[in-house]
1. Which part of the stretch 108-122 falls in the paramagnetic zone of Arg132, meaning amide N under 15 Å from the point 7 Å along Cα-to-beta-carbon?
2. Just going by the charge dipole of the chain, with Lys and Arg at +1 and Asp and Glu at -1 on Cβ, which of Pro150, His9, Leu244 is farthest out on the positive end?
3. Would you mind listing how long the chain runs along its three principal axes, going by Cα atoms, in whole Å with the largest first?
4. Do you know the Lys pair count in the chain for C-alpha distances under 27 Å, with sequence separation 8 or more or different chains?
5. Could you give the length gained by full extension between Asn245 and Trp100, i.e. 0.36 nm per residue of separation minus their alpha carbon distance, to one decimal place?
6. Charges only on Cβ, +1 for Lys and Arg, -1 for Asp and Glu: so what's the dipole of the chain about the Cα centre, in debye to the nearest 20?
7. Could you work out the relative contact order of the chain, using alpha carbon pairs under 8 angstrom and six or more residues apart, expressed as a whole percent?
8. Please report the net charge: other residues with Cβ closer than 14 Å to the Cβ of Val182, K and R +1, D and E -1.
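Each reported figure results from applying straightforward, stated rules to the coordinates on display, with no laboratory input. None of the values given here were measured: they were computed from a predicted structure. Backbone-built Cβ (ideal geometry, glycine too); neighbour counts: all protein chains shown.
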Amino acid sequence: MEKMRLSGHDVYYATELRAGQRDLVLAGEEFHHLCRVARHRVGDPVAVTNGRGLMAVGRVKAIRKESAILEFSDWMEDYGESYLRLWLGVGMIRSQRFDWLVEKATELGVIRISPLLTKYARSRDGEAKAGRWRRLAIAAMKQCQRSVLPEVDAPMPLAEWLEQLPPSGPRLAAIPEAEMFVGHWICNARLVPPLELVALVGPEGGFAAEEVQLAQSRGFVGVSLGPRRLRTETAALLLCSLLLNMIPAKEGR
Ligand code: SAM
């Protein structure tokens with residue numbers, strides 16, 4: 001697979017895309033976006049991702065009434081992805097703030113987002129929101145030219161989430177009272193990519209003492225994000241951006 005960099009290419013999403021596939025018929029919402037919103041014409045450069053790590057680059061070959069045919073010349077694996085596979089668990093917050101978090105965490109490179117129900121999680125209106133979060137994640141993935149669509153789970157209790165985590169790999173919890181600053185942990189952890197890391201951030205009301213103990217008993221190390229009390233979504237994005245930028249993106253990406 002040839003290494004190249006996307007420039008102004010608009011990215012579209014087609015789950016059926018395979019490596020080496022020359023032509024693709026784009027229909028439905030993605031066709032609407034290509035033709036009616038972005039107003040692409042035959043010959044325009046475009047890219048398509050399947051959301052599972054593949055990015056294909058090519059041009060618009062033909063436009064019909066309800067679909068467009070795209071023709072590809074290059075295919076790239078893991079385009080726009082970091083070595084770090086970061087899974088973020090975060091206490092449920094109000095709907096609009098969680099929407100914003102899904103969009104930004106996707107842009108930063110998180111691979112999975114789990115909204116968590118905790119003792120002090122104030123907002124529990126997210127149960128019907130999984131479809132909306134998926135659409136937001138798709139739009140953000142396309143906009144930032146990623147090739148992996150992050151999974152966004154339906155809200156679940158913290159204890160249940162802890163049971164689902166991978167058996168090994170570092171786990172960090174943002175705890176305002178923690179003595180170790182996250183920067184200190186990053187400098188001393190000697191992480192070797194590729195790497196899976198799980199990060200946990202509390203809801204607006206914070207974690208209950210027993211939840212901190214439970215997370216610690218499951219291998220979470222508490223880290224501080226500095227002397228100010230940050231909103232949940234600010235804390236989550238700060239933690240994600242520090243972690244995702246400490247390990248360089250793949251060569252040439
Ligand atoms: N009164 C709550 C407490 O003391 O935990 C404040 C919760 S804060 C608004 C929401 C979440 O963001 C916290 O549970 C924590 O995970 C994270 N957070 C906020 N500021 C932080 C900081 N300075 N260091 C570490 N985590 C922080």
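1. 115
2. Of Pro150, His9, Leu244, it is His9.
3. Extents along the principal axes: 60, 39, 31 Å.
4. The result is 13.
5. That pair, Asn245 and Trp100, stretches by 50.2 nm at full extension.
6. Once rounded to the nearest 20, the dipole reads 580 debye.
7. The value is 22 percent.
8. Neighbourhood net charge equals 0.
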